[in-house]
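> My questions all concern the structure below.
The values are calculated or read from the model by the stated rules, or taken from the named source; none is laboratory data. Keep in mind that this is a model prediction, so the values were computed, not measured. Ideal geometry is used to build each Cβ from the backbone, glycine not excepted, and the neighbour counts take in all protein chains shown.
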Amino acid sequence: MPRKVSPRSLRTGSFLPWRSRWFSERDYALFAAEDAKIRVFLRTRLSEAGLADVEIERSGTKVKVTVFVSKPGLVIGRGGSGIEILRGDLSKIVTGQLELEVQDVKEQAISAPLLAQRIAVVLERAGRRYRRAMTEITEETISRGAQGIRVEIGGRIGGSDIARHEIYKKGSVPHSTLRASIDYAQATARTRYGAIGIKVWVATGEKEGKE
């Protein structure tokens with residue numbers, strides 16, 4: 001399967017759940033645009049909390065938004081003050097009765113979104129000394145139970161004059177096997193030399209699904 005296609009999209013509905021669960025013929029465009037606004041808002045607002053995923057479920061006038069973060073304490077705040085402020089700001093975007101839930105990411109070391117964010121921080125801070133950190137990240141991911149990991153970065157890496165493309169991989173990441181459970185994420189590192197694109201694939205084994 002070409003690596004230009006997101007592995008999540010190919011496996012959604014087979015054994016991966018839909019990130020947005022609702023159906024509407026009359027308000028489809030409105031709800032789809034609203035879901036996009038919710039995700040952009042949360043991605044910006046919860047960047048320091050380690051946002052891994054957002055699930056949106058609609059039932060009648062109720063809208064349930066579940067955020068998966070690596071640092072739930074930063075979202076909830078002292079005495080729940082943080083989540084109340086977030087709920088109030090998010091309710092300005094949502095059409096309907098909002099229900100907000102915060103869940104902790106249990107396996108952070110093999111979460112592709114969290115790894116992509118971690119790699120972005122490494123590229124922004126390490127400068128030319130990024131290769132050792134990249135190797136440590138891939139080895140740690142395998143040691144925590146992943147079957148394989150593949151990382152692709154592209155841009156003026158390490159401040160080079162010419163943009164280039166580098167790949168770091170360890171273990172097996174079977175792109176053509178639809179039974180393979182593969183987590184995928186993208187991120188961007190904002191360095192003094194320009195933006196560096198990051199793509200991360202993490203394979204965690206095989207599950208029952210369509211071939």
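> Which residue is nearest to P174 (Cα to Cα), if the candidates are limited to the stretch 6-36 and must be touching a strand residue (DSSP E or B) at 6+ places or on another chain (Cβ under 9 Å) and part of a loop (DSSP other than H, G, I, E, B)?
S6
> Name the one entry in R144, R131 that is surrounded by fewer than 21 Cβ atoms within 10 Å (Cβ to Cβ), without any contact (Cβ under 8 Å) to a residue 40 or more places away in the chain, charged (D, E, K, R) and under 17 Å from K199 (Cα atoms). Write out each step before concluding.
Numbers: R144 fails: under 17 Å from K199 (Cα atoms).
Within the list R144, R131, the selection yields R131.
> Additional query: Search the stretch 9-31 for residues being within 19 Å of the chain's Cα centre (by Cα) and within 26 Å of G96 (Cβ to Cβ), and hand back the single one that is modelled with the lowest pLDDT.
Within the stretch 9-31, the subset within 19 Å of the chain's Cα centre (by Cα) is 9-13, 15-21.
Cutting the leftovers down to within 26 Å of G96 (Cβ to Cβ) gives us 12-13, 16-21.
Details: T12: 80, G13: 73, L16: 78, P17: 83, W18: 88, R19: 90, S20: 93, R21: 93.
Among them, the one singled out is G13.
> Looking for whichever is more than 30 Å from R156 (Cα to Cα), β-branched (V, I, T), out of contact with any Leu (no Cβ under 7 Å at 6 or more places or on another chain) and modelled with pLDDT of 95 or more here; the options are I76, I56. Which one fits? Quick ask: steps written out before the conclusion?
Numbers: I76 fails: modelled with pLDDT of 95 or more.
Only one candidate qualifies: I56.
> Moving on. Among the residues of the stretch 68-97, how many are out of contact with any strand residue (DSSP E or B) (no Cβ under 6 Å at 6 or more places or on another chain), assigned to a helix (DSSP H, G or I) and of a type in the set (S, T, N, Q)?
1
> Looking only at residues in the stretch 37-48 that are part of a helix (DSSP H, G or I) and not hydroxyl-bearing (S, T, Y), which one is surrounded by the most Cβ atoms within 10 Å (Cβ to Cβ)?
Taking the stretch 37-48 first, the residues part of a helix (DSSP H, G or I) are 37-45.
Of the ones still in play, those that are also not hydroxyl-bearing (S, T, Y) are 37-43, 45.
On the way: K37: 12, I38: 20, R39: 18, V40: 11, F41: 17, L42: 22, R43: 12, R45: 16.
Looking at residues that are part of a helix (DSSP H, G or I) and not hydroxyl-bearing (S, T, Y), I get L42.
> Looking at the stretch 98-153, which of its residues are part of a helix (DSSP H, G or I) and among the hydroxyl-bearing types (S, T, Y)?
T135, T138, T141, S143
> For E55, state whether it is surrounded by fewer than 17 Cβ atoms within 10 Å (Cβ to Cβ), not in a loop (DSSP other than H, G, I, E, B) and not polar (S, T, N, Q). Spell out how you get there, then give the answer.
Values: surrounded by fewer than 17 Cβ atoms within 10 Å (Cβ to Cβ): yes; not in a loop (DSSP other than H, G, I, E, B): yes; not polar (S, T, N, Q): yes.
Judged against the criteria, E55 is a match.
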